[in-house]
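Worksheet: the structure to be examined is printed underneath.
The values are calculated or read from the model by the stated rules, or taken from the named source; none is laboratory data. Everything numeric in this text was worked out from a predicted model, so none of it was measured. For neighbour counting, all protein chains shown are included, and Cβ atoms are generated from backbone atoms with ideal geometry for every residue, glycine included.
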């Protein structure tokens, strides 16, 4: 999911472009939680039924299925909490990443010295990165390829406007 927010500014320190990136979630978490509970209840009920008729070895495998299903659910929840935010002003380009294993990663770059690189390797997705004075950071990894292309066009045009204005 890509949200581009343009602000009107009066001073060079005010943010005039804010881009918020989050992974696209196919279903709301409450719906996924309900589906997980229903499947877990059905699996455990079937496991107990098989155990009751004498097929005891089935029950541990049912338990393993429920645990693996829960692990997949938690992976989806944790992935859904990731986000990237780009804040652009005339003096700063701030990149904030949340949910990537660290509490919060924030990098401050100067827009004039920032270069946007879009690499398209055969058989791989587009890779979008920012370079500035020795810093190199990949951005847009949470987005679909078409959203990443839109991000490259939007941010690239705004950076060119800033470089042309100074």
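Tabulated results
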read-out: Residues satisfying the stated conditions in the range 88-99, i.e. assigned to a loop (DSSP other than H, G, I, E, B) and at pLDDT 80 or above; value: 89, 90, 91, 92
read-out: Of all residues in the range 126-146 being in contact with a helix residue (DSSP H, G or I) (Cβ under 6 Å, 6 or more places away or on another chain) and part of a strand (DSSP E or B), the one that is surrounded by the most Cβ atoms within 10 Å (Cβ to Cβ); value: 128
read-out: Restricting the range 100-114 to residues that are out of contact with any helix residue (DSSP H, G or I) (no Cβ under 7 Å at 6 or more places or on another chain) and not in a strand (DSSP E or B), the residue that is nearest to residue 164 (Cα to Cα); value: 113
read-out: Test for residue 118: is it within 17 Å of the chain's Cα centre (by Cα) and within 19 Å of residue 21 (Cβ to Cβ); value: no
read-out: Selected residue (only one of 65, 158 is surrounded by 11 or more Cβ atoms within 10 Å (Cβ to Cβ) and more than 20 Å from residue 1 (Cβ to Cβ)); value: 65
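Per-residue answers, yes or no, for (1) touching a strand residue (DSSP E or B) at 6+ places or on another chain (Cβ under 8 Å); (2) part of a loop (DSSP other than H, G, I, E, B):
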site	(1), (2)
3	yes, no
14	no, yes
20	yes, no
24	no, yes
34	no, no
42	no, no
46	no, no
51	no, no
